[in-house]
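Chemist: Got a structure here, written out as structure tokens. Questions coming.
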Amino acid sequence: MSSLEYGARVALEVCLGVKKGEQVLVVADRDTRTVGRALWEQAVSLEAEAVWLEMLPRSVNGQEPPAAVAAAMKQADVVVAATSKSLSHTRARREANQSGARVASLPGITGEILARTMTADYQKISELSSRVAELLSKSNQARIITPAGTDLTMSLRGRAAHADTGLLQGKGMFGNLPAGEAYIAPLEGTANGTLVIDGAMAGVGMLKGEIIRITVQNGYAVGIQGGQGAKILEDLLKPLGKEAGNIAELGVGTNDKAIITGNVLEDEKVLGTVHVALGNSISFGGTVDVPIHLDGILLKPTLMLDGQIILQEGNMQI
């Protein structure tokens, strides 16, 4: 079995708990055909009633799939959306879950990422992600410091964190694969300080030898400095107004097999990193609804929750 085949097998058998005779739908597009085919073949080998649907690539994340694909998603027991653009925040995905389907979304997945990240111990990832989420939910105040210059505080009071465990075996469950993070929406208007992105930035990619320095006041990015990456980020945010600069998410990576590649699907899962996102937070407990959500990855972070050190320069302390 190749590493890609093994990764596909773990996704279906371990994470999604596919059983003999279940209706398994794999949705892919021409840019993810290789990975999609590997997932479908492993579904066949598990003796599932496996169906393969290939659609044209969507132009943006969150764009609805064709009606025929949406209808098929509602009829399946398990949906694997291995597409180049995300179907996570679509009506089709929500309706599939409401119909009882277990849905895994793998936006931008590549064979290399699937092969590498699915070798992780997902029971261990689940336990760590749940523990960090519990600590985030109990905390009132977070502070992040990094060697690159981040010093950012924010209130978490009254907000519930989420654990991205990768174990999606219950009826109607939904999550990303690869998995491995705990995340929370900070209280709007409370983040203040300096945020320095030095790992990778969604919409920009890996930051090789450069940083993006963001000044944060009362919950919003009010100034962005740096090189080409900073300019790209500014151009993405500016047309959408102030709300696009909302400090939307504090996340902690928990997957020890993930590495920084410039693909946010994997980047935000890297063990020992923290990510802070700008933009939309309404889908996971915040109040800001704007059509953008961009994660920035921080390297070697120290994360303190109500003064308790959770990460010390990238080393987990729990």
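The values are calculated or read from the model by the stated rules, or taken from the named source; none is laboratory data. On a predicted model such as this, the values are computed, not experimentally measured, just so you know. Cβ atoms come from the backbone with ideal geometry, glycine included; neighbour counts cover every protein chain shown. When the accessible area is computed, the model is the full protein with side chains, heavy atoms only, and any ligands, DNA or RNA have been set aside. Shrake-Rupley method; radii C 1.70, N 1.55, O 1.52, S 1.80 Å.
Chemist: Considering the Cα positions of the stretch 196-318, please state its Rg to one decimal place and its Dmax as a whole number of Å.
Modeler: For the stretch 196-318, the Cα radius of gyration and maximum Cα-Cα distance read 14.0, 41 Å.
Chemist: Given a cut-off of under 8 Å on Cα pairs at least six residues apart, what relative contact order in percent is computed for the chain?
Modeler: Details: 872 pairs, mean separation 45.5, N = 318.
Reported as a whole number, the value is 14 percent.
Chemist: Oh, and also: Note down the nm distance, to one decimal, between modelled labels 7 Å out along Cα→Cβ at Gln123 and at Glu95.
Modeler: 3.9
Chemist: Can you tell me how much longer the chain between Arg157 and Lys208 gets when fully stretched, taken as 0.36 nm per residue apart minus their C-alpha distance, in nm with one decimal?
Modeler: Between Arg157 and Lys208, full extension yields 14.8 nm more.
Chemist: Which lysines, on any chain, are close to Lys269 with Cα under 24 Å apart, when same-chain ones fewer than 8 places away are left out?
Modeler: The reachable lysines, counting only those whose Cα sits under 24 Å from Lys269, are Lys85, Lys124, Lys138, Lys208, Lys257, Lys300.
Chemist: Is it possible to state the helix-based mean residue ellipticity at 222 nm for the chain, with each DSSP H run of 4+ residues giving -39500 (n - 2.57), the sum divided by total residues, to the nearest 500 deg cm²/dmol? What is it?
Modeler: Working: 8 runs with 76 residues, N = 318.
Result for the chain, helices only: -7000 deg cm²/dmol.
Chemist: For the stretch 1-157, how big is the tail of P(r) above 18 Å, as a whole percent of Cα pairs?
Modeler: So the portion of pairs separated by more than 18 Å is 63 percent.
Chemist: Please list, by residue number, every one of the GluC sites (Glu not before Pro) in the stretch 18-101 that is coil in DSSP and has at most 12 other beta-carbon atoms within 10 Å. Kindly include the intermediate steps, with their values, before the conclusion.
Modeler: Working: sites: Glu22, Glu41, Glu47, Glu49, Glu54, Glu95; in loops: Glu22, Glu47.
Answer by residue number: Glu47.
Chemist: What does the charge count near Thr153 come to, summing +1 for each Lys or Arg and -1 for each Asp or Glu among other residues with Cβ under 12 Å from its Cβ? Walk me through the numbers before you get to the answer.
Modeler: Numbers: positive: Arg143; negative: Asp151, Asp306.
Here the count lands on -1.
Chemist: At 25 °C and 0.890 mPa s, what whole-number value in µm²/s does Stokes-Einstein give for the translational diffusion of the stretch 16-88, with Rh from the Kirkwood sum over Cα pairs? Please list the in-between numbers first.
Modeler: Numbers: Rh = 12.2 Å.
It comes out at roughly 201 µm²/s.
Chemist: What distance in nm lies between label points placed 7 Å from Cα along the C-beta direction at Met55 and Gln228?
Modeler: Output for this residue pair reads 3.3 nm.
Chemist: Connecting C-alpha atoms closer than 10 Å in a GNM of the chain, tell me which of Leu135, Leu16, Leu39 has the biggest fluctuation.
Modeler: Leu135
Chemist: Rounded to two decimals, what is Rg over Rh for the chain when you use alpha-carbon atoms and the Kirkwood radius? Don't skip to the end; give the middle numbers.
Modeler: Numbers: Rg = 18.9 Å, Rh = 19.6 Å.
Result: Rg/Rh = 0.97.
Chemist: Calculate what fraction, in whole %, of the accessible area of the stretch 110-254 sits on carbon and sulfur atoms when a 1.4 Å probe is rolled over the protein chains. Please report the intermediate quantities before stating the final value.
Modeler: Values: 2860 of 5880 Å².
It is 49 percent, rounded to a whole number.
Chemist: Sticking with this structure for a sec: Between the stretch 200-225 and the stretch 70-89, how many Å separate their Cα centres?
Modeler: With the stretch 200-225 and the stretch 70-89 each reduced to a Cα centre, they are spaced 32 Å.
Chemist: With an 8 Å Cα cut-off and a minimum separation of 6 or more residues, compute the relative contact order for the stretch 5-105 in percent. All intermediate terms of the calculation are to be shown ahead of the outcome.
Modeler: Working: 208 pairs, mean separation 29.8, N = 101.
Relative contact order for the stretch 5-105 comes out at 29 percent.
Chemist: Given a 1.4 angstrom probe, what's the average accessible area per residue across the chain, in square angstrom? All intermediate terms of the calculation are to be shown ahead of the outcome.
Modeler: On the way: 13050 Å² over 318 residues.
With the other protein chains kept in place, the chain gives 41 Å² per residue.
Chemist: Let's test the formula: R0 of 41 Å, r as the Cβ-Cβ distance of Val44 and Ala67. What FRET efficiency results, to the nearest 0.05? Walk me through the numbers on the way to the answer.
Modeler: Details: r = 26 Å, r/R0 = 0.64.
Efficiency computed from Cβ-Cβ geometry: 0.95.
Chemist: Moving on to the next point. All other residues with a Cβ under 12 Å from the Cβ of Thr302 taken together, and with Lys, Arg as +1 and Asp, Glu as -1, what is their net charge?
Modeler: On the way: positive: Arg143, Lys300; negative: Asp151, Glu313.
Residues close to Thr302 contribute a combined charge of 0.
Chemist: Shifting gears a bit: The chain: longest stretch without exposed trypsin sites (Lys or Arg not before Pro) (DSSP loop, at most 14 other Cβ within 10 Å), sites themselves excluded?
Modeler: Values: sites that count: Lys19, Lys20, Arg157, Lys171, Lys208.
Of all site-free stretches, the longest is 21-156.
Chemist: How many angstrom lie between the C-alpha centres of the stretch 116-187 and the stretch 5-59?
Modeler: So the two Cα centres are separated by 26 Å.
Chemist: How tilted is helix 33-45 with respect to the longest principal axis of the chain? Cα atoms for both, answer in degrees (0 to 90, nearest 10).
Modeler: The answer is roughly 50 degrees.
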